[in-house]
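Inspection log for the structure reproduced underneath, given as structure tokens.
Values quoted throughout were computed directly from the atomic coordinates according to the rules given, and no laboratory measurement underlies them. These numbers were taken from a predicted model, which means no experiment stands behind them. Virtual Cβ from ideal backbone geometry, glycine too; neighbours counted across all protein chains shown.
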Amino acid sequence: MHHTVLLVDDEPYVLSSLRRALYTEPFEILCANSAKEALILLQAKPVDVVISDQDMPGTPGTALLAEIRR
């Protein structure tokens, strides 16, 4: 089974670090720079896990996760 993880953070170096740390894991990694971008990605492709930064401009991580849950 192929799993997909979505990483959401407004700081590119954090996304890059997480991507490198998870590179050898057996799942696809998607990255979004904002909550808005994450929601657009989720409309195009289902994901199994979302890992989000809390302190992002505009929409905090908890609000993003609540929206995804709906």
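Tabulated results
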| read-out | value |
| --- | --- |
| Label assignment, Rg and Dmax of the Cα atoms in Å derived from the structure, set [x] 15.6, 46; [y] 28.5, 97; [z] 11.5, 35 | [z] |
| Relative contact order (%) - the stretch 1-67, alpha-carbon pairs under 8 angstrom, separation at least six | 41 |
| For Asp55, net neighbour charge (Lys/Arg +1, Asp/Glu -1) across residues whose Cβ lies under 13 Å away | -4 |
| Total formal charge among the other residues, if their Cβ is under 11 angstrom from that of Ala32, Lys/Arg +1 and Asp/Glu -1 | -3 |
| Under 5 Å, built H, 5+ apart or other chain: amide partners of Val50 | Leu6 |
| By average C-beta atoms within 10 angstrom, highest first, the peptides 57-63, 6-12, 37-43 | 6-12, 37-43, 57-63 |
| Phi-based couplings in Hz for the stretch 64-70 (Karplus 6.51, -1.76, 1.60; Gly and Pro marked x) | 4, 5, 5, 5, 5, 4, 5 |
| For peptides 21-30, 45-54, sequence by mean Cβ density within 10 Å, most packed first | 45-54, 21-30 |
| Charge dipole (debye, nearest 20) of the chain; +1 at Cβ of Lys and Arg, -1 at Cβ of Asp and Glu | 200 |
| Charge context of Asp9, other residues only, Cβ under 15 angstrom, K/R +1, D/E -1 | -2 |
| Chain lengthening between Ser17 and Asp48 when straightened (0.36 nm per residue, less Cα-Cα) | 9.1 nm |
| Integer Hz, Karplus 6.51/-1.76/1.60 couplings in order for the stretch 38-54, x for Gly and Pro | 4, 5, 5, 4, 5, 6, 8, 8, x, 10, 9, 9, 10, 10, 10, 5, 7 |
